[in-house]
Amino acid sequence: MLGKKSVYAKEAHEGNYIGANWLEDMDLTNQLPGKWREFNSKFIPIYQEKYPDKTKVSAGLACGMLWTITKGILIGDTVLCPDGQGNYFVGEITGDYEYHKGATLPHRRRVNWYPKLISREEMSEPLRNSTGSIGTVSNISKYAQEIEAFVSGSRPPSIIATDETIEDPSVFALEKHLEDFLVQNWRHTELGKHYDIYEEDGEIVGQQYPSDSGPIDILAISKDKKIILVVELKKGRIGDVVVGQIQRYMGYVKEELAEKNQEVKGVIIAFEDDAKIHRALSVAPNIDFYTYKIHFELEKK
């Protein structure tokens, strides 16, 4: 995302670059380690000193995305950028980090833009959801086959990729929608009575929050600010995989985002009960397990 609501998209496209403007007055040349965590450890305190009203979660998000743009994306990688009019510019990264002092997006990477735009309306629903994230950066590598088909002008396949950890594809598809439903209706859920999804400047940033172990489905905080909650949807996956994943997320939050006075808890949400998850969580009292029910009703008018 080139600026809020793609405000710099046209400028960046014409200038053949992508960029970011966090810590805009700092030249990061020779300050970009190979690992995201090392960058965050150094720059989160700097970010919070510069913006004392920002939380550690907000600082972690900003620094993580800044590292991804300046170092994590590699030369030869393909990037998609919304143009603000329902289409996406597509291009290939051709250069390493450059600092342009005083520019609107001073932290830059050179891009060779392709002549073809991708219309959002033509994308599969999963790709639309992933590219529609509020965050500045989203990893959409799992849709590479669909994107390559768009660029080459061929018809995208109807089924994109598989995941060996998924036990039930139909439940996986359903729970991809559940995540969006939960976020949109959070205040009316049991969890919403006690927690708020993280927001930044009035926009939700706690959905698909990036971590060094992958994106967290939902990151929330208790209304008294004492507990950070990690929510992971099972999405048809093997129970052991989900338990391991949420524990890694919680470890990241505890080490990198939580303040000294904050506790980290977790919630796993699944379509149906799972004995293996119950067994695993019997020794993890800081993780709760929820199932959900779907109510469907026809009403004649």
Complete set of residues in region 261-275 that are surrounded by fewer than 20 Cβ atoms within 10 Å (Cβ to Cβ), of a type outside the set (Asp, Glu), farther than 15 Å from Gln245 by Cα and in contact with a Lys or Arg (Cβ under 8 Å, 6 or more places away or on another chain): Asn261, Gln262
Considering residues of region 18-44 that are more than 22 Å from the chain's Cα centre (by Cα) and not charged (D, E, K, R) only, the residue nearest to Tyr252 (Cα to Cα): Gln31
Identity of the residue in region 26-55, without any contact (Cβ under 8 Å) to a residue 40 or more places away in the chain and of a type in the set (Asp, Glu), that ends up surrounded by the fewest Cβ atoms within 10 Å (Cβ to Cβ): Asp53
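Checking the structure you have, find out if any residue of region 4-17 is part of a helix (DSSP H, G or I), of a type in the set (S, T, N, Q) and touching a residue at least 24 places away in the same chain (Cβ under 8 Å).
yes
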Considering residues of region 177-208 that are out of contact with any helix residue (DSSP H, G or I) (no Cβ under 7 Å at 6 or more places or on another chain) and part of a strand (DSSP E or B) only, the residue surrounded by the most Cβ atoms within 10 Å (Cβ to Cβ): Tyr195
Single residue of region 194-204 satisfying the filter (at pLDDT 85 or above and in contact with a Leu (Cβ under 9 Å, 6 or more places away or on another chain)) that is farthest from Ser138 (Cα to Cα): His194
Close pairs (8 angstrom Cβ cut-off, 6 or more residues apart or separate chains): part of a helix (DSSP H, G or I) in region 257-270, not hydrophobic (A, V, I, L, M, F, W, C) anywhere: Leu257/Lys56; Leu257/Gly60
Test: Val90 is hydrophobic (A, V, I, L, M, F, W, C), touching a Phe, Trp or Tyr at 6+ places or on another chain (Cβ under 9 Å) and not in a helix (DSSP H, G or I): yes
Residue list for region 131-151, restricted to those being free of Cβ contacts under 8 Å to residues at least 60 places away in the same chain and closer than 28 Å to Gly202 by Cα: Thr131, Gly132
Odd one out for Phe89, checked against (1) at positive phi; (2) in contact with a strand residue (DSSP E or B) (Cβ under 7 Å, 6 or more places away or on another chain): (1)
Region 36-66, residues that are over 17 Å from Glu259 (Cβ atoms) and touching an Asp or Glu at 6+ places or on another chain (Cβ under 6 Å): Trp36, Arg37
Residue, nearest to Lys10 (Cα to Cα), within region 94-130, restricted to residues that are without any contact (Cβ under 8 Å) to a residue 40 or more places away in the chain and β-branched (Val, Ile, Thr): Ile118
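The values are calculated or read from the model by the stated rules, or taken from the named source; none is laboratory data. Everything numeric in this text was worked out from a predicted model, so none of it was measured. Glycine also receives a Cβ, built like all others from the backbone with ideal geometry; neighbour counts cover every protein chain displayed.
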